[in-house]
Amino acid sequence: MRRIVVGSRGSRLALTQTESVIAKIREANPYLEVSLRKIVTTGDRDRHTQLDRIGVAVFVKELEHALLDGRIDLAVHSLKDVPSEVPPELRLLAVTERLDPRDALVAKSKLNELAPSSRIGTGSLRRTVQLTQFRPDLQVCSIRGNVDTRLRKVSTGEVDGIVVAAAAMLRLGWQDRITEYLPLEHFLPAVGQGALVLEARLDDKEIEDLISPLNYIPAWQSVMAERAFLRAIGGGCRAPIAALGAVSNSTLKLEGMIASPDGRKMLRASEEGSAMSPEEVGTRLAQKMLAMGASEFIAEVRADESR
């Protein structure tokens, strides 16, 4: 019997996500032996440094090392944690059906009803600038940790609320704890939010054949457009960037957001095109927004990084 090893971070959410993928693999390949291997990542060890300072790659690079040295055959990631460029020896093989991509608020009341100066926790600069634009009278404070750790900060009163990915709460079965799903017109999600991606070695044709039935094409097209937008606009920098693609029939609509590092200036725009050419749609949107002034935000961030 063919045996494959699937790698995952060790958090409750990551294991829940990976086990759901393993169930799909077994369903598609009933004679396959599938085992799970936990990999501790830098992002799991360092729960204090703000993510915008250390970069999302801290959640995937150890899993990628495990792929490259043969300890695992497949890695399962939250797509929003995967940098816009993957190592040349690896490839993204499939995206499973996407859950709700929106941000969610867990708090004592809805965002509009929170008292001025209420403390809202997030580890994301993107969420920080969108919160500040929507409710400048709130205090946004930086927090890190697994979803359950962050939820405890609300229940103990350390913060009055937190903003998390709705998909994380749904996967953990905690949707009853969501106070409000934040509207997309004000809170555009991170690139790939709500989607799981499967990564493998570039030359592993057998894994590709086993995994390809799991690829949900509309989700793949949407997130490939979002990632192309991120790459083309300068996604290697720490600017607050968001994007969300949606496929209807054969048309892909992509919305994008970029803000200055201090959140005082923000740009939003959209682009449409063929769902068969998602990277082209993403690149066009990036070019449009760079011409609108996004290039100034990127330059500002890079100047700050070089100091």
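The values are calculated or read from the model by the stated rules, or taken from the named source; none is laboratory data. Keep in mind that this is a model prediction, so the values were computed, not measured. Cβ: placed from backbone, ideal geometry, glycine included. Neighbour counts: every protein chain shown.
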>> Take residues that are among the hydrophobic types (A, V, I, L, M, F, W, C), in contact (Cβ under 8 Å) with a residue 24 or more places away in the chain and more than 30 Å from residue 30 (Cα to Cα) and tell me which of the strands (runs of 3 or more DSSP E) falling wholly in the stretch 196-294 contain 1 or more.
In response: 241-248, 251-259, 266-274
> Looking only at the stretch 220-239, which residues are of a type in the set (Gly, Ala, Ser) and over 18 Å from residue 127 (Cβ atoms)?
Replying inline: 222, 225, 228, 232, 234, 236
>> Looking at the structure I just gave you, is residue 263 at pLDDT 95 or above, of a type outside the set (Phe, Trp, Tyr) and out of contact with any Cys (no Cβ under 7 Å at 6 or more places or on another chain)?
In response: no
>> One residue is enough: does the stretch 181-190 have a residue meeting the conditions buried (at least 16 other Cβ atoms within 10 Å of the Cβ) and in contact with a His (Cβ under 7 Å, 6 or more places away or on another chain)?
In response: no
>> With the requirement that a residue be surrounded by 17 or more Cβ atoms within 10 Å (Cβ to Cβ) and of a type in the set (Val, Ile, Thr), what does the stretch 212-257 give you?
In response: 223, 233, 241, 247
>> Quick check on my filter: what residues within the stretch 246-264 are within 18 Å of the chain's Cα centre (by Cα) and of a type in the set (Val, Ile, Thr)?
In response: 258
> Picking from 286, 275, 269, 239, which residue would you name as being more than 30 Å from residue 72 (Cβ to Cβ) and modelled with pLDDT under 95?
Replying inline: 239
